[in-house]
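Here is the structure we will look at, set down as structure tokens.
Computed from the coordinates by the stated procedures, all read-outs in this text should not be read as laboratory data. Please read all numbers here as calculations on a predicted model, not as lab measurements. Counting neighbours? That spans all protein chains shown, and the Cβs are built from the backbone with ideal geometry, glycine included.
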Amino acid sequence: MAIKQTERLDPELERVARADLKQLGNIRIDDVLSFIDRGLDNMPSYMDLFHRWETQQWAVSDLDFSPDRERWQQSTQLERDATLWSRRLFFNGEERVTATLAPFVWAAPKPEIEIFLSTQMVDEARHTVFFDRWWREVVGSDAKDLTEILAEIRPDTNEGYNTLFYDRLPSVAQRMANNPTDIDAFIEGVTIYHIVVEATLALTGQRFELEELREQGMTHHGYYQGFIAVARDESRHVNFGIKVLQEAVRDDPARFAPLIQRTLVECLPLIAGTIHPPDERYITEFGHSEDEIMDFAMNSLNKRLRAIGINLAA
Ligand SMILES: [Fe+2]
Ligand SMILES: [Fe+2]
């Protein structure tokens, strides 16, 4: 029996929404991001997002990393170092967000939210497995299990990253685990997880990396196809986060707007810290500057905040 699809998409968005892994090779990250911006004017319901998840399943085991492996063997040391710096942050980050999401499900203020967040847990686990497979098959590793490979790839150069992923995110998740009715912890958690980590940090990094891979003619690589599938998953997560915060601000602006603003002000310096590379050439090698990436991140954030109904400068 067909699942009732309430959301109506124009033909171009429908193409992005339904693309399989091969077809995703012909899709640009900006087309995927347009889902989020469309969401601002025409916000999907939580169940629309669930239905989108049902039609956007993909399997890590379907990807073919042989073109990736061939290219990796020909790449320079600087290209390898720059790529590994960025992918360590993603790989470890995906595992961190998998590990900290369960308390959000418990603390969900309504069943539709609980159901959407359960789909997100599966997504984040799949993203972690995607990086594990790429790392083992392209870069190579003797690690015997995920624990070992995560220890091997853990990013060690960056304080902003450590604070965000090893302090702010687990501590707000712990508050929800201690008291699942703590709605302030839930709203602060969604601000950190969905808006700071996913909307601002991850999707910005994904955009620059995917466009770079495209310019280099790597859209038939397993990594491009998998990573754009990851970005499409993230676009659902970000739609969800915007919706939760928009409803919170609408229901009780005096309580939630200052809470979201304060959380953002505390976390923004951590974003700048996270994208700052240990070697400047890791960014300029790929034709961008750190300022350009930060500008894109802040513009995206401001768009999302307008939809939520808060002003960072206020
Ligand atoms: Fe993810
Ligand atoms: Fe996500």
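Before moving on, here are some points about what is shown:
- The gain in end-to-end length when the E79 to A143 segment is fully stretched comes to 20.7 nm, 0.36 nm per residue minus the alpha carbon separation.
- Cα pair distances in region 153-213, grouped into 5 Å bins until the bin that holds the longest one, percent each: 4, 17, 20, 21, 18, 11, 6, 3, 1
- For region 262-271, 3J(HN,Hα) per residue [Karplus equation, 6.51 cos²θ - 1.76 cosθ + 1.60, θ = phi - 60°, Hz, x = Gly/Pro]: 4, 4, 5, 4, 5, 8, 4, x, 6, 5
- When restricted to Cα atoms, the chain yields an Rg and a Dmax of 18.8, 57 Å, respectively.
- With the simple spin-label model, which puts each label point 7 Å out from Cα in the Cβ direction, the D167 to D184 separation comes to 2.0 nm.
- Over all other residues within a Cβ to Cβ distance under 13 Å of L63, the charged ones net out to -1, with Lys and Arg as +1 and Asp and Glu as -1.
- Normalised per residue, the volume of the convex hull around the Cα set of region 226-287 (Å³): 105 Å³
- Cβ-based net charge around L210, under 12 Å, with every Lys or Arg adding one and every Asp or Glu removing one: -3
- Student exercise, the chain dipole from Lys, Arg, Asp, Glu Cβ charges, in Debye to nearest 20: 680 debye
- Stokes-Einstein D in µm²/s, Kirkwood radius over Cα pairs - region 34-160 at 25 °C with 0.890 mPa s viscosity: 145 µm²/s
- Fraction of alpha-carbon pairs over 18 Å apart in region 204-308 - percent: 60 percent
- Q77 sits among other residues whose Cβ lies under 13 Å from its own Cβ, and their net charge, with Lys and Arg +1 and Asp and Glu -1, is -2.
- For region 47-103 and region 109-164, distance of Cα centres in Å: 9 Å
- Exposed trypsin sites (Lys or Arg not before Pro) absent: longest stretch of the chain, with sites in DSSP loops and at most 14 other Cβ within 10 Å deemed exposed: 145-314
- Couplings 3J(HN,Hα) for region 42-56, derived from phi with the Karplus relation 6.51 cos²θ - 1.76 cosθ + 1.60 (θ = phi - 60°), are 9, 5, x, 7, 4, 6, 4, 5, 4, 5, 4, 4, 4, 8, 10 Hz, where x marks Gly and Pro.
- Here each label is just a point 7 Å from Cα along the line to Cβ, and for A17 and K303 those points are 1.9 nm apart.
- The GluC sites (Glu not before Pro) of region 247-312 that DSSP puts in a loop, and whose beta carbon has at most 14 other beta carbons within 10 Å, are E280.
- Per-residue 3J(HN,Hα) values for region 96-106, derived from phi via the Karplus relation 6.51 cos²θ - 1.76 cosθ + 1.60 with θ = phi - 60°, read 4, 6, 5, 5, 9, 7, 3, x, 5, 5, 5 Hz in sequence order (x marks Gly and Pro).
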